[in-house]
2 protein chains.
Amino acid sequence: YHIPVSEFEYDAPSMKTPVPGPKSKLSPPPHSLFISQNVGAVNFFCNYEESRGNYLVDADGNRMLDLYTQISSVPIGVSFPSLFSQTAFVNRPALGILPPENFPEKLIESLLSVAPAGMTRVQTMACGSCSNENAFKAMFIWYKIKERGASGPSAEEMSSCMINQGPGCPDLSILSFMGGFHGRTMGCLATTHSKVIHKLDIPSFDWPIAPFPKLQYPLEQFVRENAQEEARCLEEVEDLIVKWRQKGKPVAGIIVEPIQAEGGDNHASHDFFIKLRNIARKHGCAFHVDEVQTGGGTTGKFWAHEHWGTGDPADIVSFSKKMLTGGYYFKDELQPDKGYRIFNTWMGDPSKNVFLSEVLNVIRRENLLEEVTRSGKALLQGLYELQAQYPHLLSRARGLGTFCAIDARDDVTRDNLILKTRDKGVLLGGCGEMSIRFRPSLVFKEYHAHQFLNIFNDVLAEYK
Amino acid sequence: YHIPVSEFEYDAPSMKTPVPGPKSKLSPPPHSLFISQNVGAVNFFCNYEESRGNYLVDADGNRMLDLYTQISSVPIGVSFPSLFSQTAFVNRPALGILPPENFPEKLIESLLSVAPAGMTRVQTMACGSCSNENAFKAMFIWYKIKERGASGPSAEEMSSCMINQGPGCPDLSILSFMGGFHGRTMGCLATTHSKVIHKLDIPSFDWPIAPFPKLQYPLEQFVRENAQEEARCLEEVEDLIVKWRQKGKPVAGIIVEPIQAEGGDNHASHDFFIKLRNIARKHGCAFHVDEVQTGGGTTGKFWAHEHWGTGDPADIVSFSKKMLTGGYYFKDELQPDKGYRIFNTWMGDPSKNVFLSEVLNVIRRENLLEEVTRSGKALLQGLYELQAQYPHLLSRARGLGTFCAIDARDDVTRDNLILKTRDKGVLLGGCGEMSIRFRPSLVFKEYHAHQFLNIFNDVLAEYK
């Protein structure tokens, strides 16, 4: 029953063709038929039946060590054996009205068993964007209920909201950070500020955007300089809250990632987040920590915010990706006053909770958080050594657990390094302007880190 | 292999306790633990293992004929036998970048095999709201590309979009209809106008809202009056398009349901939709038909818009619910110019496409659209008879296929009738102010219609 990852996966990468190989090419049939979808982002086609553990196999039989893992969304590798035994995925309920009888129990053994400090409530959703959208709605509803006190909504609020106008649709805002990424539906997108391609041509809201600290790495070596930069950003946060209140668009909530991922793996100190959380409290704003990419164990703790060491990290914590279902944890106060205010047909997918229960069992049984801490250390140490060896190519290695990144000289070098490393059988992803992000799953061991570092070293040594 | 629904489901409702029964009550443990979610909308808990075909079994063993089917999201009943044989639901890919090798083939045999007229492209998404949000984005992108012509975005557009401002985030709008429902994320919600509880306290966009025709039923008997009402609404649509253009918030797209569902099962003539589609074309707006609730065969045709009898029904058709995956079909012109403009991590869930292929096989093999037409006729005929018999309680019976509705005297009567019918073992849903909506799945046969009509007749006869 207990099968270590090394027994069901492969020993090493194995490349048979360039990538994308002939079977992954989009132009000749049958893949020309694939014009039916948006394919501008497709890297190659995959054979998931043959993929195992840390290894992704493509349609041409190329086997690659995967440090990007479906944009960081695979928790315990591909085809983990004990996940195959699950059944009952056929009948998808409308969870908000007709949940399966074992749903509370399944929630307790899955999502609630890893609830962040101070949170006993969770709302599942189908994906990360829906999770953040609904978390925003919960914050807006909470803010207005607080403002109204004992009285209900006025007749004017009820009629004006039906035609998108105030006071029923109030001018409330969410404060976000430059470089943040919180999804791409229209509410989320108004808090996303990492790349032009996400935002161009889409109408948005006039919501405040604060600068996120630009720190020097390693953090331990630049404590004083970084503290100054963080103080500057926190001051700006308070100024914006005041300014937007004066503008008549009060800040109902602040959203932040514990590490800005898509925006370039930008870290901040634990102190920064604790102070930010206190600013939110002081100004009556809800504090929303977006753990869609950082959550699920990849930083060596189940939630990245646990590193802050506070018992009251947030009012809302959203998740998706490695949690297999979208959703958000929230404090009692954020519970809407009525049913059907936070609602849709599916409200998640309980079949994903079944998988998650087993994923959590494996994480505990195999001490994967300790393993992540160990392999993350090996990975980051190796990156430090490589940037010392190739200072003209690499800089700013940084990370927490296996959630690591390093900067290339420029965007072209970054893209080339990723492609050349892939040709040798290792999958990487980019983020920010010129960073490479490492996002292996939780079954990435120390020896996988060394496997990658050796191959990456070869790529760097050959790089002209 | 071919098992008729009558052989695996139950013969009749069977009620053992009032609903919700003791095991469905939320107050005593273990369900008190269920405070962890938003439960304000939960009706009761279900035993999906015991549920079959048209019958939903609750946690207390009550077996109910289901005419509401998870808010109209179940295509061929519960636990259809051939769906159980499917495997490979464990590994969920980031579809936009690393699709499974059989994905094009699976799309062709599932979603593309039922593509609306004139459409060869489809984009899957995780849920209905995400589908509409991304369809809106596709329309905005299309509109701006058209406006720009050969030139790319300006430097000012690229910098301003990062801070949510114009011209990069333009003041474009989507025209929607009063009474429409298109989902609850913030973009969708700006086009949803059916109930206060959906919209109160959530910031919105100043987008134009046209009146939807308020028709008299049966439509055949009020052709002249209804045509006048429809002409009035269409005139208002054109006025709004002109007005919003003058306001500097041009209408990039028009969204409409073929039958307004959540808003009260409001129908309009085929002529109305064809004229609306022509108005969209004339003013350079994309035409988006939301078939989330009407699609998948419930009206007796696979898509409700097929009843209009035009070969060019729309530029975008969105779906979810019975299609098991969210998504939208779109015309070539609506394809964005670059990858990653319409994108997120999961972009749907290919395991749902596997189910959908089998659902479509069953629909064809068992001629379910003909069956729906037949059982829908029996249902509507029965409703006509009941409203003639109980004119003080019921009026305005209407429908297409089994997608039927009837109005109660008022909202209290409607809610009571639904509860009393449930106590006799039939599940119904409400919509609009005082309507009952019928949303059985596609395996609802003529004899199920008679079963329901007999029980409903008993409820009406006893109703004081």
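The values are calculated or read from the model by the stated rules, or taken from the named source; none is laboratory data. Remember, predicted model here, so these are calculated numbers, not experimental data. Don't worry about glycine lacking a Cβ; one is built from the backbone with ideal geometry, like all the others, and counts go over all protein chains shown. To get the accessible areas, we keep the full protein, side chains included, count just its heavy atoms, and leave off ligands, DNA and RNA. Shrake-Rupley method; radii C 1.70, N 1.55, O 1.52, S 1.80 Å.
Report, by chain and number, residues whose modeled amide H sits under 5 Å from the one on B:Phe177, excluding near sequence neighbours (fewer than 5 apart, same chain).
When sequence neighbours closer than 5 places are left aside, the close amide H contacts are B:Ala210.
Tell me, which residues of segment A:320-343 get at least 20 Å² less accessible area when the other protein chains come in, versus the chain alone (1.4 Å probe)?
Residues meeting the cut-off: A:Lys321, A:Leu324, A:Gln335, A:Gly339, A:Tyr340, A:Arg341, A:Phe343.
Can you list the residues of segment B:246-276 with backbone N under 20 Å from a point 7 Å past the Cα of B:Ala227, pointing along Cα to Cβ?
B:267-276
If one takes the longest principal axis of the Cα atoms in chain A, at what angle in degrees, from 0 to 90 and to the nearest 10, does the Cα axis of helix A:350-365 lie?
Between helix and principal axis, roughly 60 degrees.
Roughly how far apart, in whole Å, are the Cα centres of segment A:151-225 and segment B:391-464?
44 Å
Need one number: % antiparallel among DSSP beta bridges in the protein assembly as shown, to the nearest 5.
Values: 58 of 88 bridges.
Just about 65 percent of them are antiparallel.
Quick check for me: using +1 on Lys/Arg Cβ and -1 on Asp/Glu Cβ, what's the dipole size of segment A:253-408 about its Cα centre, in debye to the nearest 20?
Details: 17 positive and 19 negative charges, 26 e Å.
Here segment A:253-408 has a charge dipole of around 120 debye.
So how much slack lies between B:Val242 and B:Arg365, counting 0.36 nm per residue of separation and subtracting their Cα-Cα distance, in nm? The partial results should precede the final answer.
Values: separation 123, 0.36 × 123 = 44.28 nm, distance 4.87 nm.
Extending this stretch completely gives an extra 39.4 nm.
Mind pulling the angle between the C-alpha long axis of helix A:223-246 and the longest principal axis of chain A? Nearest 10 degrees, somewhere in 0 to 90.
Relative to chain A, helix A:223-246 is tipped by roughly 40 degrees.
Using the basic label-point model (7 angstrom from Cα toward the beta carbon), what is the A:Ala388 to B:Gln389 distance in nanometres?
Simple spin-label model gives 8.9 nm for this pair.
Putting +1 on Lys and Arg Cβ atoms and -1 on Asp and Glu Cβ atoms, find which of B:Val362, B:Gly376, B:Ser395 reaches farthest to the positive end of the dipole of segment B:339-403.
B:Ser395
Find the sum over both chains of the accessible area lost when A and B are paired, probe 1.4 Å, and report it in Å² to the nearest 100.
Details: alone 21110 and 21080 Å², together 31730 Å².
It comes to approximately 10500 Å² buried between A and B.
Before I look further, what does the protein assembly as shown give for accessible area per residue, probe 1.4 Å, in whole square angstrom? Don't skip to the end; give the middle numbers.
On the way: 31730 Å² over 928 residues.
Roughly 34 Å² per residue, with all protein chains present.
Taking the Cα centre of the protein assembly as shown as the origin and placing charges on Cβ (Lys, Arg +1; Asp, Glu -1), which of A:Ile163, A:Asn278, A:Val223 is farthest toward the positive end of the dipole?
A:Ile163
Amide H neighbours of B:Leu442 under 5 Å, at least 5 residues apart or on other chains, H built in the peptide plane: list them.
Placed amide hydrogens put B:Ile76, B:Gly77 under 5 Å from B:Leu442.
How large is the helix-only mean residue ellipticity at 222 nm for chain A, computed as the sum of -39500 (n - 2.57) over DSSP H runs with n ≥ 4, divided by its residue count, in deg cm²/dmol to the nearest 500? Show your work: numbers first, answer last.
Values: 13 runs with 156 residues, N = 464.
Counting only the DSSP helices, I get -10500 deg cm²/dmol.
Return the whole-Å distance between the Cα centroid of segment A:374-388 and the Cα centroid of segment A:245-259.
36 Å
Magnitude of the Cβ-charge dipole of the protein assembly as shown, K/R +1 and D/E -1, about the Cα centre, nearest 20 debye? Don't jump to the answer; show the numbers that get you there.
Working: 96 positive and 106 negative charges, 108 e Å.
Once rounded to the nearest 20, the dipole reads 520 debye.
Could you pull out every one of the aspartates and glutamates with an alpha carbon less than 15 Å from that of A:Lys195, ignoring same-chain neighbours closer than 8 positions?
A:Glu262, A:Asp265, A:Asp411, A:Glu433, B:Glu156, B:Glu157
Just list whichever of B:Lys25/B:Lys424; B:Lys214/B:Lys331; A:Lys25/A:Lys420; B:Lys301/B:Lys322; A:Lys243/A:Lys282; A:Lys338/B:Lys420 have alpha carbons separated by over 21 Å in the model shown.
B:Lys214/B:Lys331; A:Lys338/B:Lys420
Given an 8 Å cut-off on Cα distances and at least 6 residues of separation, report the relative contact order of segment A:187-339 as a percent. Provide the component values of the computation, followed by the final result.
On the way: 190 pairs, mean separation 25.1, N = 153.
Reported as a whole number, the value is 16 percent.
Determine the residues within segment B:46-60 where the difference in accessible area between the chain on its own and the full set of protein chains amounts to at least 30 Å²; count protein heavy atoms only and use a 1.4 Å probe.
Buried-area filter returns B:Cys46, B:Tyr48.
Contact order normalised by length for segment A:312-464, with contacts defined as Cα pairs under 8 Å and 6 or more residues apart; what percent is it? Working shown, then result.
Details: 189 pairs, mean separation 29.0, N = 153.
Once divided by the residue count of segment A:312-464, the mean separation gives 19 percent.
For the protein assembly as shown, which whole percent of the accessible surface, found with a 1.4 angstrom probe, sits on carbon and sulfur atoms? Write out the running numbers ahead of the final one.
Details: 16720 of 31730 Å².
Carbon with sulfur: 53 percent of the solvent-accessible area.
Using R₀ = 60 Å, calculate the FRET efficiency as 1/(1 + (r/R₀)^6) where r is the Cβ-Cβ separation of A:Asn416 and A:Tyr340; round to 0.05. List each step's numbers first, then the result.
On the way: r = 52 Å, r/R0 = 0.87.
The calculated FRET efficiency here is 0.70.
So for chain B, what are the equivalent ellipsoid semi-axes in whole Å, largest first, each being the square root of 5 times an eigenvalue of the Cα gyration tensor? It would help to have the intermediate numbers written out before the result.
Details: eigenvalues 275, 147, 94 Å².
They are 37, 27, 22 Å, listed from largest to smallest.
Could you check the spin-label model distance between B:Asp11 and B:Ile108? Points 7 Å from the Cα along Cα→Cβ, value in nm.
Label at B:Asp11, label at B:Ile108, 4.8 nm between them.
Express in nm, to one decimal, how much length is gained between B:Lys25 and B:Lys214 on full extension, taking 0.36 nm for each residue of separation and deducting their alpha carbon distance. List each step's numbers first, then the result.
Numbers: separation 189, 0.36 × 189 = 68.04 nm, distance 3.96 nm.
Here the answer is 64.1 nm.
In segment B:192-206, what residues drop by 40 Å² or more of accessible area when the other protein chains are put back, versus the chain on its own? Use 1.4 Å, and skip ligands and nucleic acids.
In segment B:192-206, residues shielded by partner chains: B:Val196, B:Ile197, B:Lys199, B:Leu200, B:Asp201, B:Ile202, B:Pro203, B:Ser204, B:Phe205.
Specify the angular offset, from 0 to 90 degrees and rounded to the nearest 10, of the alpha carbon long axis of helix B:270-282 from the longest principal axis of the alpha carbons in chain B.
20 degrees
Express the relative contact order of chain B as a whole percentage, based on alpha carbon pairs under 8 Å and six or more residues apart in sequence. Please report the intermediate quantities before stating the final value.
Details: 893 pairs, mean separation 97.1, N = 464.
Answer for chain B is 21 percent.
Lys/Arg Cβ at +1, Asp/Glu Cβ at -1, dipole of chain B taken about the Cα centre: which of B:Pro13, B:Val237, B:Thr421 is farthest positive-ward?
Result: B:Val237.
Please get the size of the charge dipole for chain A, origin at its Cα centre, with Cβ charges of +1 on Lys and Arg and -1 on Asp and Glu, quoted in debye to the nearest 20. Walk me through the intermediate numbers first.
On the way: 48 positive and 53 negative charges, 86 e Å.
Taking the Cα centre of chain A as origin, the dipole is about 420 debye.
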